[in-house]
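Please read the structure below before turning to the comments.
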Amino acid sequence: MEHDLIVEGLAATPSGVEPLQIGITDGKIAELKRSGLKAGRRLRDERCVIFPGFIDVHVHLREPGWEHKEDFLTGTMAAVHGGVTTLFDMPNNPEPADSREALARKAELSKGKVADVMFFGGVRRDRLSAIPSIKELVVGYKIFMSQTTGSAPFPLSKLREALEVIGSTSKPASVHAEDQSVIDAASSEVKASSAPDRYADARPPEAEVGAVRELLSVLTRCSADVRVNVCHVSTSSALNLIRGARRSGANVVCEATLHHLFFTRRDMLRSPMLRTNPPLRTDGDRRALLEGLAGGSVDFLVSDHAPHTREEKLSSGAAGVPGLDNYGNIVSWLIKKRGLSPSTVSMVTSANQARFFRLHDRGSITVGARADLAVLDLDSPETASADSVRSKCGWSPYEGKRFPGRVKWTVSAGRVVYEDGVAG
Ligand SMILES: [Zn+2]
């Protein structure tokens, strides 16, 4: 048979890298062979490695309500620029995504874009009984243990009950674990006039470590079986706690962000734009996260794409950085400079996500799967710049950084949605 499209070259699978022809028909992977496939169109470049399309489980696309920062069109264009074909949008909009109406609206607004958008449901402390009512509309639930953009802290006293109700839906919970009382006490000691990297002391490691400890302790007391993802782990101590809990059988996984893997708090001295929650940490913490990613104790590579305009960053010190545009660049850096194998990368960018969030139609290069692919040229250095950013915020924390490689093609449900500098 003649396929719509063939993507051909070295393909990354959990067991290694192998030469493959991927025959795509009607948006799905229809046939896999070493040679002999026919198609109307063929993508092939000997230098490239083909990955399952990246699944980014932590993204803030800001629509509806903050369209001056980002919307579903620009956010998904940024995603495919970075090789991301599926992304999970967070609920902390001005109108929180915690009701059927709000989620239906988001689903409508995000339809037909170049990447597939799924949603986390918000959890309101005063309406835990509403959690099951949105379960078919969400991929999981998000709980903020501390204050964040557009969201108040979730009280510890209600955490166990919330997790048990979430467990009853069979969907997982992603938890932002920082302790607001520790942050409040530390912030009062850090003066506004302090050096920029002192922001890391205003949200100290203990805020994360304490909250993760509380979360894991609550998890062991839960009567329902609930799967928990600890968002953007930033410290080696918190990672060790999660590792320990897992060894004792807890159903917990964790994610690391592009920026916590790439930068340290020292970089904040150079750029006031690098303020994030949790903040950038020491080089020791960064190395622990990199080792965790290589060794299997960090499950997901995420952008925590949190676009704000330059003006908002500089005038009000808004926390969060964009990252979707550079996801593929960071993957090239992990492989070429940090020694991660392509098969490990395929685990932390798609296979683990598909398994944990039970997306049975994607996350690997197999016959019958959605034809979502990220084709990376690992030997075509690229210097990140504001000009190449598709995100509406128009800037990147990596501006001026030279990466060993870049995304060459992104295929989403069989469509070539990004090609050598052209998204859409
Ligand atoms: Zn976030």
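So which of Ala386, Ala354 is among the small types (Gly, Ala, Ser) and surrounded by 17 or more Cβ atoms within 10 Å (Cβ to Cβ)? First the steps, then the outcome.
Working: Ala386 fails: surrounded by 17 or more Cβ atoms within 10 Å (Cβ to Cβ).
Step by step, each of Ala386, Ala354 is checked, and only Ala354 is among the small types (Gly, Ala, Ser) and surrounded by 17 or more Cβ atoms within 10 Å (Cβ to Cβ).
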Next item on the list: Mind listing whichever residues of region 264-278 are under 16 Å from Pro322 (Cβ atoms) and either in a strand (DSSP E or B) or within 16 Å of the ligand (Cβ to nearest atom) (or both)?
Entry: Leu274, Arg275, Thr276, Asn277
Checklist line | Count - residues of region 196-227 that are touching a helix residue (DSSP H, G or I) at 6+ places or on another chain (Cβ under 6 Å), under 19 Å from Gly140 (Cβ atoms) and assigned to a helix (DSSP H, G or I) | finding: 3
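Among the listed residues Asn251, Asn229, Asn240, which satisfies the condition of being modelled with pLDDT of 95 or more, in contact with a Pro (Cβ under 8 Å, 6 or more places away or on another chain) and among the polar types (S, T, N, Q)? Walk me through how you get there before you give the answer.
Working: Asn251 fails: in contact with a Pro (Cβ under 8 Å, 6 or more places away or on another chain); Asn240 fails: in contact with a Pro (Cβ under 8 Å, 6 or more places away or on another chain).
Selected residue: Asn229, the only one of Asn251, Asn229, Asn240 that is modelled with pLDDT of 95 or more, in contact with a Pro (Cβ under 8 Å, 6 or more places away or on another chain) and among the polar types (S, T, N, Q).
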Margin query: Conditions first: (1) hydroxyl-bearing (Ser, Thr, Tyr); (2) free of Cβ contacts under 8 Å to residues at least 40 places away in the same chain; (3) within 16 Å of the ligand (Cβ to nearest atom). Ser146 passes all but one, so which condition is the exception?
Written below: (2)
Notebook entry, point to check: Can you name every residue in region 345-372 that is at positive phi and over 15 Å from the mean Cα position of the chain (by Cα)?
Noted result: Arg358, Gly368
Item checked: Subset of region 178-219 (residues that are in contact (Cβ under 8 Å) with a residue 24 or more places away in the chain, more than 23 Å from Cys254 (Cβ to Cβ) and either charged (D, E, K, R) or in contact with a Phe, Trp or Tyr (Cβ under 8 Å, 6 or more places away or on another chain) (or both)) -> Asp197
Checklist line | Among the residues listed as Ile183, Ile143, the single one being outside any loop (DSSP other than H, G, I, E, B), within 21 Å of the chain's Cα centre (by Cα) and modelled with pLDDT of 90 or more | finding: Ile143
Next item on the list: List the number of the failed condition for Val218; all other conditions in (1) farther than 15 Å from Met145 by Cα; (2) in contact with a Lys or Arg (Cβ under 6 Å, 6 or more places away or on another chain) hold.
Entry: (1)
Check: Among the residues of region 279-299, is any within 16 Å of the ligand (Cβ to nearest atom) and among the basic types (Lys, Arg)?
Finding: no
Item checked: Any chance Ala238 is within 26 Å of Arg338 (Cα to Cα), part of a helix (DSSP H, G or I) and among the small types (Gly, Ala, Ser) -> yes
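From the list Ala256, Ala211, which one is modelled with pLDDT of 95 or more, more than 28 Å from Ala79 (Cα to Cα), within 16 Å of the ligand (Cβ to nearest atom) and crowded, with 22+ Cβ neighbours inside 10 Å? Outline the logic, then answer.
On the way: Ala256 fails: more than 28 Å from Ala79 (Cα to Cα).
Of Ala256, Ala211, the one residue that is modelled with pLDDT of 95 or more, more than 28 Å from Ala79 (Cα to Cα), within 16 Å of the ligand (Cβ to nearest atom) and crowded, with 22+ Cβ neighbours inside 10 Å is Ala211.
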Notebook entry, point to check: From the set of residues in region 34-65 that are of a type in the set (Gly, Ala, Ser) and more than 16 Å from the ligand (Cβ to nearest atom), which is nearest to Val114 (Cα to Cα)?
Noted result: Gly53
Next item on the list: Considering each residue of region 66-90, count those that are within 20 Å of Leu103 (Cα to Cα), away from the ligand (no atom under 14 Å from the Cβ) and of a type in the set (A, V, I, L, M, F, W, C), and give that number.
Entry: 2
Checklist line | Residues of region 385-398 classified as over 8 Å from Asp325 (Cβ atoms) and either out of contact with any helix residue (DSSP H, G or I) (no Cβ under 7 Å at 6 or more places or on another chain) or not hydroxyl-bearing (Ser, Thr, Tyr) (or both), total | finding: 8
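Filter region 313-325 for residues that are assigned to a helix (DSSP H, G or I) and within 16 Å of the ligand (Cβ to nearest atom) and give the result.
Lys313, Leu324
The values are calculated or read from the model by the stated rules, or taken from the named source; none is laboratory data. Model, not experiment: these values are computed from the prediction. Glycine gets a Cβ as well: all are built from the backbone with ideal geometry, and neighbour counts include every protein chain shown.
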